[in-house]
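Notes follow once the structure below has been shown.
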Amino acid sequence: MRPLLIAASSFLCLAWAGAAHAQQVEPPKVVPTVEATKTDPIAAPSPPPPDAVLPEVAPIIEDEEFEKAIPPIRAEDDAELDRPLESIADFEKRQAAEAAKGAKPAAEGSAEATVETQPPQVDGVPVPALADGDTVEAIGDAPISDSELAAPLPPLENFDVEPVQFAEAEDDKDNVSVAYTVKLNGLDAADDSTDVDLADLFGDLSALYDGDGKADNAAMIRARLTADGELMHRILASEGYYDAVVDTRIDRGEREKGQEGQQGQRRSITAVIDVKPGKRYTLADIIINAAPTIPPNLIADNFPLAVGEPIVAQRIQGAEAAIALKLPQEGYPFAKVGQRDILLDGATGDGVYTLPVDIGKRSRFGGVETTGDLAFDAEHVEVLARFKRGDLYDSRMVDDLRQALVATGLFATVAAEPQLTGESAGDDTEYVTMLVTQQAGPPRTLAASAGYGTGEGIRLEGSWTHRNLLPPEGALTFRGVIGTQEQGLGATLRRSNAGRRDRTFELVAEATRSDYKAFNAITGRVAARVSYDSTPIWQKKFTYAYGAELIATREDDYDFTTGERSYDFYTILGLTGQVGMDRTDSLLDPTKGFRITSLIQPEGSLAGRFSPYARLRTDVSGYYPVTDSIVVAGRVRVGSILGAARERLAPSRRFYAGGGGSVRGFGYQELGPKDPNNDPIGGRSVAEAAFEARYRFGNFGVVGFVDAGQVYRSSAPTFQNLRFGAGIGARYYTNFGPMRFDIATPIGRKPGEARVSVYVSIGQAF
C-alpha cells in the first residue's frame with residue numbers, strides 16, 4: 001500500500017501546482033507540532049523511578065494463544081515480501097497500462113507487466129506523456145503541459161482579478177432594507193357593533209404600523225405580521241369575539257419599473273391581515289358567590305354588568321375592580337375577589353359568568369400601633385387620622401392617613417395596614433388595629449426661591465429647616481432674603497398638626513430692611529400665630545387664623561409741613577384674626593368655585609399716647625370653566641383702615657396697590673396718593689379688581705388679563721379714578737403649582753410710569 005500513498009501525494013502536489021498557476025494563491029504555511037520537531041522517530045515513554053514498585057499485570061492473551069492465532073506465511077508470500085519496491089514511474093506506467101486494457105494489475109516482472117502500455121485518455125483524448133515518461137495530470141477538462149507548469153508566475157501587481165458576479169436571488173432579500181404597506185380586511189363587521197374603534201386600537205398597538213412602513217429585511221416584516229396576527233386575536237377576544245379567525249400573508253406586487261421602462265430591483269410588499277370576527281358572545285347569566293353583606297345589595301348595586309351585554313374584557317375587569325374597591329370602603333377591609341370563570345356555549349354564543357368573592361370580616365377602626373424607625377409615636381398618628389375608634393372601616397380614610405403621613409416629609413417610607421384583633425365591636429363587626437410601619441427619613445431641608453417684579457426688583461430667598469427638631473413635627477426654620485429692595489433674616493419655630501390635624505402653631509422672629517419708593521424701613525418683628533389651613537391633601541371649606549405681633553420699626557415719611565422726608569420710630573402691638581371659605585376644586589390651580597377671605601387686625605401705636613385703629617380687608621375670587629381648557633377667573637379686594645389718620649400710621653401699615661400680586665402694569669406700590677416728588681405715600685383704603693382668561697394645553701398655558709385698582713386717602717374706597725393695566729402671561733404647570741411669567745402695560749400711562757412691567761413668580765396671580 002505504500003506506493004499508492006505516495007501516488008496520491010504526488011497527485012495532490014500536482015493539483016496544487018495547477019491551482020497556484022491559475023490563481024497565484026500562496027500555499028498555506030505548515031507549522032510543525034512539538035512531536036514533529038523531535039529527533040527521535042518514535043516517542044518513548046519515560047522510564048519509571050528505580051525505587052518504583054509496579055504491580056504485576058496478567059497478560060490479556062497468553063503468548064501461546066497469540067502464536068496460534070497468527071496465520072502461517074506461505075513461501076510465495078515470503079518471496080513477494082522480499083521483492084524490491086518498484087519506482088513511482090514504473091508503478092504509474094503499470095497502473096495506466098492495466099487501466100487501458102481493463103485488466104487486473106499485474107505484479108512487477110510478470111508477463112502481463114511486460115506488455116506495451118497505452119497512454120491514458122480523458123473523455124477520449126489521449127493524455128500526453130512527460131519527458132520522464134509520466135503522463136500529465138488532468139485538471140478539469142483540459143490537460144496542462146509540462147511547459148505550462150514550468151512557466152514562471154506573473155507578478156502580483158499584474159494579476160487582474162475580476163469581481164465574482166452572483167446571480168440575483170429570485171425574490172427574498174432578507175438582508176436588504178425594504179418598504180411595505182399594511183392592509184386590514186374584514187374588521188368593519190366587528191367595528192360596527194363595538195363601542196371602541198378596533199382599527200384605531202389595533203393601529204395604536206401594531207408592530208407593523210409602529211415600523212412606519214420600513215423594515216431591515218423581509219424576515220422582520222414576517223415577524224411583525226405574526227405578532228400583529230396574535231394581537232388581533234387578543235383584541236377581538238377582548239370584545240367578545242372568541243371564535244375569530246385571523247389569517248396573515250405577504251403579497252408581492254409586480255416589479256417597479258425604472259425611468260426608461262426597464263424593470264427595477266424591488267417589488268411592492270403588502271402585509272395583509274384577513275379577519276373573520278365570527279359571533280360575539282354575550283352574558284347569559286351572572287353568578288356571584290359571596291356571603292351576605294350589609295347592606296344586602298352592596299355587591300349587586302356596585303357591580304356594573306348586566307345579562308345580555310357583550311362579554312367585554314375591559315367591562316368585566318372594571319366591574320371586578322369596582323367590587324374590590326367598594327367593599328373596603330364599606331367596612332370589609334379583607335375582602336378578596338377570586339378568579340372569574342366564564343363558560344362559553346359555541347352553539348348559542350352565550351356565556352355564563354361566575355365570580356367568587358370572599359368578603360372577609362366586617363370591621364371597625366380600633367387603635368393605632370407603630371413599628372420600625374419611628375419619626376413620632378402612635379399618639380401623634382391618631383392626631384393625623386380623620387377617623388376615631390368605633391367608626392366603620394373605610395379604606396378612603398386609610399389612604400388619607402397615608403397621604404398625611406407622607407406630607408409631613410419625615411419619612412423615607414411609611415405604610416398603614418389593618419390588622420385583625422379578634423375583639424368584637426358589636427353588630428357582628430370586629431375591631432381592627434391600624435399598623436403604621438415607619439422608616440424615618442432625613443429631617444433637614446434646604447430650599448430656595450426666586451422672583452422678579454417691576455418696582456420690586458429681584459428677590460432671592462433661601463431657608464434651612466429641621467422638620468423634627470422638637471418631636472412630633474416641631475420644626476425650626478432659618479430664613480434669609482436678599483433682594484434689590486429687601487434684605488432680611490428670620491427664624492420660625494413651627495409645630496405642625498398641633499393637637500389637631502392641619503392646625504399649626506408658630507413663633508416668628510425676624511429683622512428686615514426695606515428700600516422702596518414709598519418708604520425706607522428697618523423693622524424688627526416677633527409674632528405668634530395659630531392657623532387652621534387647607535392643604536393639597538385636605539382642602540377645607542372653612543379656615544381660620546388668629547395671633548398677635550409686636551413690631552418695632554424705623555421708617556421715613558414725607559412731612560408736608562416741612563416739605564421733606566424724615567424718619568420716625570414706631571412701636572406697634574396688634575392682634576390678627578382671619579376667616580376663610582373655600583368652594584373651589586383645587587387649592588393650587590382652581591378651575592371652578594369661589595373663595596372668600598376676610599382679615600381684621602386691631603392695632604395700636606405704643607409711642608406716646610396709645611392710638612388704636614383697625615385694618616380690615618376682604619378678598620373674593622371666582623372661577624368658571626368655559627371649556628375643558630379655558631377658564632375665566634375674577635378677583636375683587638376691598639380694604640379699609642378705621643380709627644386713625646394717615647399721618648398717625650406707620651408707612652408700612654398703610655394700603656398700597658400695584659405690582660404682580662395687585663394691579664399688573666404698574667410698579668410695586670405705585671398707585672395711590674403721591675408726594676411732590678411723585679413717590680407713593682399710601683392711603684387708608686384700597687379697591688382692586690382683576691379678570692383673567694386662562695387657556696391651558698398640556699403642561700403649558702396662556703393667560704390674558706385686565707387689572708384695575710386705586711388707593712384712597714379716605715378710610716372708605718370711593719371707586720373713583722381707577723387705573724387699568726392689561727397684559728398677557730405664560731404658565732408652566734408643575735406638580736407643585738404653575739410657574740408664572742406676566743408682562744403688562746398701563747392703560748392711560750402717565751409721566752414716570754413704565755411702559756412695560758414684568759412679573760415672574762410661582763403660582764397663579766390669584
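Just so you know, all these numbers are worked out from the coordinates, no wet-lab data involved. Everything numeric in this text was worked out from a predicted model, so none of it was measured. As a convention, Cβ positions derive from the backbone with ideal geometry for all residues, glycine included, and neighbour counts pool all protein chains shown.
Entry for the range 701-752 at q = 0.31 Å⁻¹: log10 I(q)/I(0) = -1.14, Debye formula applied to identical alpha-carbon scatterers, no solvent contribution. Residues PHE478, PHE303, PHE666, ranked from the fewest to the most other C-beta atoms within 10 Å, line up as PHE478, PHE303, PHE666. Averaging 1/r across all pairs of distinct Cα atoms in the range 363-440 and inverting the result yields a Kirkwood radius of 12.6 Å. For GLU456, the residues 5 or more places off, or on other chains, whose built amide H falls under 5 Å of its own are TYR668.
Given the pairs LYS517/LYS592; LYS276/LYS336; LYS326/LYS388, which are separated by over 29 angstrom at their Cα positions? Checking Cα-Cα distances, LYS517/LYS592; LYS276/LYS336 exceed 29 Å. Among THR433, TYR393, LEU374, whose Cα lies farthest out toward the positive end of the dipole of the range 363-440, if unit charges sit on the beta carbon of Lys, Arg (+1) and Asp, Glu (-1)? Going by the charge dipole, the pick is LEU374. Using only side-chain charges placed at the Cβ, +1 for Lys and Arg and -1 for Asp and Glu, the dipole size of the range 526-617 relative to its Cα centre rounds to 580 debye. Where does the range 282-358 land on Rg/Rh, using Cα atoms and the Kirkwood Rh? Result for the range 282-358 is an Rg/Rh of 0.99. Evaluate the Debye formula for the range 406-530 with equal point scatterers sitting on the alpha carbons, no solvent, and hand back log10 of I(q)/I(0) at q = 0.10, 0.12 Å⁻¹, in q order, two decimals. Debye intensities relative to I(0), on a log10 scale: -0.51, -0.65.
For the range 385-458, the set of trypsin sites (Lys or Arg not before Pro) satisfying both a DSSP loop assignment and a count of at most 15 other C-beta atoms within 10 Å is given as ARG386, LYS388, ARG389. About its Cα centre, the dipole of the range 553-684 is roughly 400 debye, where the only charges are +1 on Lys and Arg Cβ and -1 on Asp and Glu Cβ. Among DSSP bridges having both ends in the range 282-358, what percentage is antiparallel? Round to the nearest 5. So the antiparallel bridges in the range 282-358 amount to around 55 percent. Over all orientations, the range 540-616 has a Cα convex hull whose mean projected area works out to 7.7 square nanometres.
Measuring between their Cα centroids, the range 455-532 and the range 389-437 lie 35 Å from each other. For the range 187-203, backbone phi angles converted through the Karplus equation (6.51, -1.76, 1.60; θ = phi - 60°) give residue-by-residue couplings of 8, 4, 4, 6, 4, 5, 10, 10, 7, 10, 7, 5, 5, 5, 4, 5, x Hz, Gly and Pro being listed as x. Distance from the Cα centroid of the range 631-669 to that of the range 318-376 is 56 Å (rounded to whole angstrom). Working from the Cα coordinates of the range 653-766, the gyration tensor eigenvalues give, after taking √(5λ), semi-axes of 28, 14, 12 Å in decreasing order. Suppose we look only past 24 Å in the calculated P(r) of the range 288-438. What percent of the Cα-Cα pairs does that tail hold? The answer is 45 percent, as a whole percent. Computed from backbone phi, the HN-Hα couplings of the range 359-373 come to 6, x, 8, 5, 9, 10, 5, x, x, 10, 10, 10, 8, x, 7 Hz, rounded to whole numbers (Karplus: 6.51 cos²θ - 1.76 cosθ + 1.60, θ = phi - 60°; Gly and Pro given as x). Placing +1 on the Cβ of every Lys and Arg and -1 on the Cβ of every Asp and Glu, with no other charges, gives the range 363-440 a dipole of roughly 220 debye about its Cα centre.
For the range 444-762, take the convex hull of the Cα atoms, compute a quarter of its surface area, and give me that in nm², please. Mind dumping the intermediate values first?
On the way: hull surface 66.6 nm².
Directional mean of the projected Cα hull area for the range 444-762 stands at 16.7 nm².
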